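Below is one structure, written out as structure tokens, with a few remarks after it.
The values are calculated or read from the model by the stated rules, or taken from the named source; none is laboratory data. Fair warning: this is a prediction, and the values are worked out from it, not measured in the lab. Here the Cβ positions follow ideal geometry from the backbone for every residue, glycine too, while neighbour counts run over all protein chains shown.
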Amino acid sequence: MMYREVLAYFAQICAIPHASFHTKELFAYLTPELESLGFVVRSDEARNIYAKKGDSKPVCCLQGHYDMVCVGAASRHTPIETYEEQIEGVAYLRARDSSLGADNGIALACMLALGKEMSDFEVLITNDEEVGMLGAKNLQMLIESEVLLNLDSEDISEIVLGCAGGVDLSARSKLEPTHRIYDKTFVIRSKGFVGGHSGVDIHKNIPNAIVEFAHFLIDKPAQILSLRAGEKRNSIPVGVECVVVASEDFCQYANAMFAITPLKSGTESSAKSAPHSESSTPLESNQKSSARLESSAQLIGQSHAYAAEILSPIIALHSGVYEIESSTKSVIDSLNLSCARVQDGALELDLFARANDDAKLARMQRRVGTLLGAFGMCVESGDFYSAWKRNISDDDALLAMLIELYEANGITPHITQIHAGLECGILGQRLRELSKPTPTKILSIGPTIDFPHSTKERLNLESLRVFVAILQRALQNLGARV
């Protein structure tokens with residue numbers, strides 16, 4: 001059964017660390033594995049992988065990416081430990097204390113499983129998609145077919161025909177050292193935050209740990225020595241670790257969101273003297289932590305007023321939804337405050353803006369630049385990518401065929417444009433730039449993945465079974481040989 005083949009391949013992929021910018025090991029697995037299945041394989045300088053199976057012109061190109069957002073245990077570049085979990089009668093696949101990487105490892109597993117059984121199709125696997133669509137932007141290989149099925153969507157009930165564009169924003173301001181008022185040192189850590197994808201989950205009112213921390217600390221009698229918060233630019237943050245000096249009774253302010261632990265003097269670090277939770281980000285090693293704390297105390301032993309200066313721009317920012325389309329109730333404009341650091345005498349913020357229209361992205365850049373500029377911060381942007389605009393009509397034969405397959409499996413699909421980044425628009429543009437002679441129809445589908453880019457990520461296994469059946473039948477209907 002192909003569903004079981006997919007799960008077996010996904011287990012092999014999980015055993016190979018493949019964070020963005022650290023994909024060499026998975027590349028070294030995928031290329032020979034595809035060749036062993038009868039594909040002719042090529043790659044380009046960006047380590048994108050193209051593979052074709054069969055002597056005829058391929059009927060379809062299946063596309064996905066092979067890097068993942070590593071949160072929790074996966075960020076240590078170790079194999080991912082998976083397990084099945086039943087929730088209210090629904091079976092899910094999860095990772096222990098880690099993001100799962102079903103985004104987009106499950107697409108790779110589907111490609112390999114289909115390659116065992118079928119021919120006359122091609123695959124395009126892009127690299128470093130989660131860090132600005134770098135593989136797609138630097139693609140140097142053409143595909144042959146007129147149909148590209150992107151397998152990176154995360155809701156079995158949707159057929160996606162468009163997506164948001166995005167831009168990375170970074171802000172920095174220099175901090176002036178001030179007199180240290182308090183003597184007692186504490187470490188503050190977040191707890192219980194669930195996180196999520198900064199695009200598809202941004203409308204769910206998931207608490208942002210950095211924003212909540214700013215509101216928690218700004219009126220407390222404490223001075224910030226160091227701060228590290230957030231995980232990845234495209235994740236809603238869960239982890240906060242802040243070292244402060246404060247009054248003796250500072251522990252009284254601990255609550256359900258933030259734990260406070262006295263930091264012992266000497267070489268004993270916060271990682272040793274404070275409990276570690278799934279959503280915290282521990283200080284590194286004992287000696288390094290101690291040395292860094294001493295340096296922080298010398299550089300930025302700021303007064304309470306200075307702490308307010310650090311936290312005020314965070315409070316002033318609105319991290320979340322900015323605009324919703326009235327007829328479809330879908331998000332079209334948002335901002336995620338992703339990471340915050342106080343280190344080396346400076347405050348640094350990482351943000352990620354998304355919009356389903358390039359003009360709205362430009363407005364967001366101006367808005368953030370103006371607001372943070374008023375707090376003396378310098379804002380820079382990078383890794384801009386345009387929104388993917390729908391180019392398939394309602395009566396398109398390919399779309400009609402997919403809808404029929406979904407309905408045959410008990411699903412009435414929602415035809416939509418999502419508020420997340422897919423490489424589809426960039427790939428369409430790159431194929432035109434590379435002089436592909438005929439236009440490419442691009443659609444995106446996938447199984448249901450909840451809470452991607454977080455330690456709560458889970459793959460709905462029944463949706464995967466249905467997805468594999470739809471994908472297999474779609475290839476057959478397009479003319480792929482079994």
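Conditions (1) of a type outside the set (A, V, I, L, M); (2) more than 24 Å from residue 173 (Cβ to Cβ); (3) touching a His at 6+ places or on another chain (Cβ under 9 Å), marked per residue:
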position: 358; (1), (2), (3): yes, yes, no
position: 378; (1), (2), (3): yes, no, no
position: 395; (1), (2), (3): yes, yes, no
position: 400; (1), (2), (3): no, yes, no
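Working only within segment 354-374, note down all residues that are at pLDDT 95 or above and assigned to a loop (DSSP other than H, G, I, E, B).
Within segment 354-374, just 374 meets the criteria.
Taking residue 119, is it of a type in the set (S, T, N, Q), more than 19 Å from the chain's Cα centre (by Cα), over 30 Å from residue 343 (Cα atoms) and buried (at least 20 other Cβ atoms within 10 Å of the Cβ)?
Yes.
If you go through segment 429-456 one residue at a time, how many are under 25 Å from residue 100 (Cβ atoms), modelled with pLDDT under 95, part of a loop (DSSP other than H, G, I, E, B) and not hydrophobic (A, V, I, L, M, F, W, C)?
Residues that pass the stated criteria total 5.
Hey, any hits in segment 35-57 for a residue that's in the same structural domain as residue 474 (by TED's automatic domain parsing), within 24 Å of the chain's Cα centre (by Cα) and assigned to a helix (DSSP H, G or I)?
No: zero hits.
Taking the residues in segment 462-482 that are touching a strand residue (DSSP E or B) at 6+ places or on another chain (Cβ under 9 Å) and surrounded by 19 or more Cβ atoms within 10 Å (Cβ to Cβ) as candidates, determine which candidate is nearest to residue 38 (Cα to Cα).
Applying the filter and picking the extreme gives 480.
Do we have any residue at all in segment 101-121 that's β-branched (Val, Ile, Thr) and in a strand (DSSP E or B)?
Looking for residues that are β-branched (Val, Ile, Thr) and in a strand (DSSP E or B), one finds none in segment 101-121, hence no.
(1) crowded, with 19+ Cβ neighbours inside 10 Å; (2) assigned to a loop (DSSP other than H, G, I, E, B); (3) among the aliphatic types (A, V, I, L, M): which one isn't true of residue 426, the others all being true?
Unmet condition: (2).
Please specify each residue of segment 408-423 satisfying the condition of being of a type outside the set (Asp, Glu) and not in a strand (DSSP E or B).
408, 409, 410, 411, 412, 413, 419, 420, 421, 422
Condition check: closer than 25 Å to residue 218 by Cβ, at pLDDT below 95, more than 17 Å from the chain's Cα centre (by Cα) and not hydroxyl-bearing (Ser, Thr, Tyr). Does residue 346 satisfy that?
yes
Filtering segment 21-72 down to residues that are farther than 27 Å from residue 479 by Cα, crowded, with 18+ Cβ neighbours inside 10 Å and among the aliphatic types (A, V, I, L, M), which residue is modelled with the lowest pLDDT?
Looking at residues that are farther than 27 Å from residue 479 by Cα, crowded, with 18+ Cβ neighbours inside 10 Å and among the aliphatic types (A, V, I, L, M), I get 71.
In segment 175-190, is there at least one residue being β-branched (Val, Ile, Thr) and under 20 Å from residue 360 (Cα atoms)?
Among the residues of segment 175-190, not one is β-branched (Val, Ile, Thr) and under 20 Å from residue 360 (Cα atoms), which makes the answer no.
Filter segment 70-85 for residues that are outside any loop (DSSP other than H, G, I, E, B) and of a type in the set (A, V, I, L, M, F, W, C) and give the result.
73, 74 - these are the residues of segment 70-85 that are outside any loop (DSSP other than H, G, I, E, B) and of a type in the set (A, V, I, L, M, F, W, C).
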